[in-house]
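The values are calculated or read from the model by the stated rules, or taken from the named source; none is laboratory data. Worth saying up front: this structure is predicted, and the values here are computed from it rather than measured. Ideal geometry is used to build each Cβ from the backbone, glycine not excepted, and the neighbour counts take in all protein chains shown. These area figures cover heavy atoms from the full protein model, side chains too; ligands, DNA and RNA do not enter into them. Shrake-Rupley method; radii C 1.70, N 1.55, O 1.52, S 1.80 Å.
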Amino acid sequence: MPDWMPSWSSTAFISIVTSLLTLIVGGRYVAPLLEVRNRRFQAKMQAREKFQANMLDVLSAVTQLLAVPVVPEATETVRAALRDERLRWQAQVDEATKYLTDHAVQLLFAYRGPKLPGLAVRYSGNARGVWISDRPEAQKLTVLRDLTQHCHALFFDSPLYARQRVRSWTELERLLEEVEAPGPAPTVR
């Protein structure tokens with residue numbers, strides 16, 4: 001073996017020392033950073049999931065309330081059952097809008113960009129505001145349905161539907177400005 005080539009023992013020693021140093025540095029310094037990053041990512045994804053779930057709860061209950069009126073021609077038993085169902089759906093809207101408002105600040109960290117997080121927070125606050133307002137019920141339900149449909153399309157539609165998302169963004173901003181405007185309530189469309 002030539003003099004300039006190290007012996008197999010020194011090569012083995014160098015590889016063992018390198019492996020140990022990598023293991024120690026990785027375990028002591030890199031792994032904790034990755035764990036923290038993972039927890040933050042999970043919290044962000046959970047906030048998005050809960051935002052979507054509550055939005056879908058609002059949309060579902062509002063759609064049911066708009067679609068199923070209490071029919072005067074029905075028997076008293078059916079009318080009582082329909083009133084109970086409507087109360088249950090109203091409670092769902094109430095709970096979902098409470099959750100959205102109470103946890104809106106999480107959305108500031110769940111989304112990136114200059115406008116998107118603020119838009120999510122505005123939607124959350126305005127959805128609750130519309131629900132507890134003194135507007136007529138049909139108007140509340142229609143405004144909530146429209147706000148929620150556009151917000152859901154903006155935040156949760158596939159990126160492949162970019163044109164639809166842009167339309168939803170502009171329409172959501174317009175609706176939010178109408179709801180936030182002082183004076184008479186927005187018109188039902």
For this session: Taking mean projected area of the Cα convex hull in nm² as the quantity of interest, determine which of (1) 11.0; (2) 19.5; (3) 14.0 was computed from the displayed structure.
Result: (2)
Exercise. For the range 84-156, what class follows from the C-alpha gyration tensor (a ≥ b ≥ c being the square roots of its eigenvalues): rounded when a/c is under 1.5, otherwise prolate if a/b is larger than b/c, else oblate?
Worked result: prolate
Exercise. Dipole of the chain, Cα-centred, from +1 at each Lys and Arg C-beta and -1 at each Asp and Glu C-beta, to the nearest 20 debye?
Worked result: 400 debye
Problem set entry | Accessible surface of the range 11-160, 1.4 Å probe, proportion on carbon and sulfur as whole % | 62 percent
Seminar exercise, completed: Per residue, accessible area of the range 1-146 with a 1.4 Å probe, heavy atoms of protein chains only, in Å², comes to 66 Å²
Exercise. How much accessible area does T75 have with a 1.4 Å probe, in Å² rounded to the nearest 10?
Worked result: 80 Å²
Problem set entry | Positive-pole candidate from G26, P159, Q46, dipole of the chain, charges at beta carbon | G26
Exercise. Put K50, K115 in order of accessible area, largest first, 1.4 Å probe: what do you get?
Worked result: K115, K50
Exercise. Normalised by the residues of the chain, what does the relative contact order come to in percent, with Cα pairs under 8 Å and at least six apart?
Worked result: 20 percent
Seminar exercise, completed: Amide H proximity to H103 below 5 Å, modelled H, separation 5+ or other chain, gives none
For this session: Indicate the helices, whole DSSP H runs only, in the chain that combine a mean Kyte-Doolittle hydropathy of -0.5 or more with a Cα extent along their long axis of 30 angstrom or more.
Result: 31-67
Exercise. Using a 1.4 angstrom probe with every protein chain in place, what is the largest-first accessible-area order of V121, V30?
Worked result: V30, V121
Seminar exercise, completed: The correct ranking of L21, L56 by accessible area at 1.4 Å, largest first, is L21, L56
Seminar exercise, completed: The local net charge around V179, scoring Lys/Arg +1 and Asp/Glu -1 for residues other than V179 whose Cβ lies under 12 Å from its Cβ, equals 0
